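> Questions regarding the structure given below will be posed in turn.
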Amino acid sequence: MSILKKARYFFTIICMGSSLMAGAQAPPFYNDIQAFKQQDSVQMPPQKSILLIGSSSFTLWKDVQQYFPAYKIINRGFGGSTLPDVTRYANDIILPYKPRQIIIYCGENDLAASDTVSAATVLNRFTQLFFLIRQWYPKVPVAFISLKPSPSRKHLWPKMQAVNQAVQDFLATQKRTDFIDVYHAMLHQDGTIMQDIFINDQLHMNAKGYAIWQKLMLPILKK
């Protein structure tokens, strides 16, 4: 092979490699996880804290520590995540912290992502995450906050109720678990939703909504 042909060959290889690198995309929520790692590199949260994992209802709870001043809270919720996403990053958002207790809010986005996702699908995904946690931390209490009745997702309420019941039934068979039913606490006695506990998107909560969660979470928090 002539020098010119060799040069053209290596130039082609380099271009192909550059194209592949340019076309390669980071996995979903990669930047969120890197941000958590950056926070930890600056100051690692103390062990034996209460760890929150899940989706945007935790992500947007920026002042969660103020709701539970007697407890140290680590919030590792990342917005838009599904249960498989949380499981995918479990090594980064669960394993390092050696928590006293783990509280999960996730599953809403699973249902919203596709009509083919059923309550059984969500339960299966949850149990995979649950048993992964149990492998690492067999004695750490795990709590699940029920899916909330978001007004913007009213069409999913029947599936949400089915998920809540399925997860509650499963957790009843497991030791050191709690099921926190926020679904019914966010409804009026006549079954209609409390509209004033949500922000404008009718999906995420305001301080009134989080106050409901606070009241139900406090009794099960571990010291």
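The values are calculated or read from the model by the stated rules, or taken from the named source; none is laboratory data. Source: prediction; values computed, not measured. Cβ: placed from backbone, ideal geometry, glycine included. Neighbour counts: every protein chain shown. To get the accessible areas, we keep the full protein, side chains included, count just its heavy atoms, and leave off ligands, DNA and RNA. Shrake-Rupley method; radii C 1.70, N 1.55, O 1.52, S 1.80 Å.
> Given the residues T82, T87, which is the only one that is more than 19 Å from P219 (Cβ to Cβ), touching an Asp or Glu at 6+ places or on another chain (Cβ under 9 Å) and surrounded by 17 or more Cβ atoms within 10 Å (Cβ to Cβ)? Break it down stepwise before answering.
Details: T87 fails: touching an Asp or Glu at 6+ places or on another chain (Cβ under 9 Å).
Of the residues listed, the single one that is more than 19 Å from P219 (Cβ to Cβ), touching an Asp or Glu at 6+ places or on another chain (Cβ under 9 Å) and surrounded by 17 or more Cβ atoms within 10 Å (Cβ to Cβ) is T82.
> Looking at the structure I just gave you, is I74 modelled with pLDDT of 95 or more, touching a Lys or Arg at 6+ places or on another chain (Cβ under 8 Å) and either open to solvent by 30 Å² or more (accessible area, probe 1.4 Å) or over 19 Å from D110 (Cα atoms) (or both)?
The answer is no for I74.
> Would you mind finding the one in P69, P96 that is open to solvent by 40 Å² or more (accessible area, probe 1.4 Å), more than 23 Å from M205 (Cα to Cα) and out of contact with any Cys (no Cβ under 8 Å at 6 or more places or on another chain)?
P96
> Next up: Step by step: first the residues of region 200-217, then only those that are of a type outside the set (S, T, N, Q) and more than 20 Å from the chain's Cα centre (by Cα), then the one that is most open to solvent (accessible area, probe 1.4 Å). Which residue is that?
The residue in question is K215.
> Looking only at region 133-152, filter to residues that are assigned to a helix (DSSP H, G or I) and open to solvent by less than 40 Å² (accessible area, probe 1.4 Å); which one of those is modelled with the lowest pLDDT?
Within region 133-152, the match that is modelled with the lowest pLDDT is P151.
> A119 - would you say it is open to solvent by 40 Å² or more (accessible area, probe 1.4 Å) and not hydroxyl-bearing (S, T, Y)? Break it down stepwise before answering.
Numbers: open to solvent by 40 Å² or more (accessible area, probe 1.4 Å): no; not hydroxyl-bearing (S, T, Y): yes.
Answer is no for this residue.
> Quick check on region 155-178: of everything there that is basic (K, R) and in contact (Cβ under 8 Å) with a residue 24 or more places away in the chain, which residue is surrounded by the most Cβ atoms within 10 Å (Cβ to Cβ)?
Top of the filtered list is K159.
> Quick check: anything in region 144-152 within 18 Å of the chain's Cα centre (by Cα) and either free of Cβ contacts under 8 Å to residues at least 24 places away in the same chain or more than 17 Å from G77 (Cβ to Cβ) (or both)?
yes
> A follow-up question, please. Can you tell me which residues in region 107-116 are among the aliphatic types (A, V, I, L, M) and buried (at least 20 other Cβ atoms within 10 Å of the Cβ)?
The initial filter retains those residues of region 107-116 that are among the aliphatic types (A, V, I, L, M), namely 111-113.
Of everything in region 107-116, just one residue is among the aliphatic types (A, V, I, L, M) and buried (at least 20 other Cβ atoms within 10 Å of the Cβ), namely L111.
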